Every structure is written in structure tokens, then in C-alpha cells.
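Below is one structure, written out as C-alpha cells; the observations come after it.
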Amino acid sequence: MPTDNNKDGIDWNNVIKKEAIGTDGLDLGEVHEVGDTYIITQKGLINKKRYHIPISSAEGFDGDILKLRVSESELKGFEETDGQNFDGYPSFKSSDMSKELETKIPVMGENL
């Protein structure tokens, strides 16, 4: 969580699982995590996309919707891709751990 828990009047403890919108009502998905410098949102049900949006782009939070200064043209630059590391965002995501703990099980044929 950001050290300044009330930046711009936003209570960061309450933005998790809330909707995030950008400029002109752009759908940024649902807030999943708030780091020291980034807000992580996830959008979509099947083809999920995650975005690492700078916390400095936060404009306000009304209790249901987090408003961010992000345009559609900027959004692509915030999209998470495999192996991508963002400055200032620690790599503690649980999804990364599963790759380290992955177990390979050999496939054996059986003659009947």
C-alpha cells in the first residue's frame, strides 16, 4: 500500500475489487492490487488483460469507481506481458510463484 494512505483523499484500502475508469469513461477493469507506485487492474473474463497503471494518475474515488487520468492511447503501454517488470513494483505476485513450483510429470505409455 502507498505510504501516504490518503493521497488525493483516496482511501486505498477500499479501492480493491472496485471499478476503475479512465479518461472519457474508458473501462480499465477492476482494481486487483495497489502497490507503492502502481495500481493493478484486470479487465475481461476469458481473455484477461492486466494493467500496471501509475498511482500518480489517480484523480479520485467515489466509493465505487476509481477515476484515473489514462487515455485509450496510453492504456496499451500499461498492459502486462509475460516476463515484464515495471520499475518500482516489486515482483511478489503469486502467479509468478506457480512457475517456480511447477512439477513436470513424465508420460509413460502402456502396452495393452
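The values are calculated or read from the model by the stated rules, or taken from the named source; none is laboratory data. This structure is a prediction, so every number in the text was calculated from the model and none was measured. Neighbour counts are summed over all protein chains in view; Cβ atoms, including those assigned to glycine, are modelled from backbone coordinates with ideal geometry.
Could you go through the stretch 37-46 and let me know if any residue there is without any contact (Cβ under 8 Å) to a residue 40 or more places away in the chain, touching a His at 6+ places or on another chain (Cβ under 8 Å), surrounded by fewer than 17 Cβ atoms within 10 Å (Cβ to Cβ) and among the hydrophobic types (A, V, I, L, M, F, W, C). For the stretch 37-46, residues without any contact (Cβ under 8 Å) to a residue 40 or more places away in the chain, touching a His at 6+ places or on another chain (Cβ under 8 Å), surrounded by fewer than 17 Cβ atoms within 10 Å (Cβ to Cβ) and among the hydrophobic types (A, V, I, L, M, F, W, C): absent. Among the residues of the stretch 26-54, how many are outside any strand (DSSP E or B), within 23 Å of G9 (Cβ to Cβ) and at pLDDT below 95? Count: 3. Within the stretch 8-29, residues that are within 10 Å of V70 (Cα to Cα) reach partners that are surrounded by 11 or more Cβ atoms within 10 Å (Cβ to Cβ) and of a type in the set (F, W, Y) with beta carbons closer than 8 Å, at six or more positions or on different chains, in the pairs L28/Y51.
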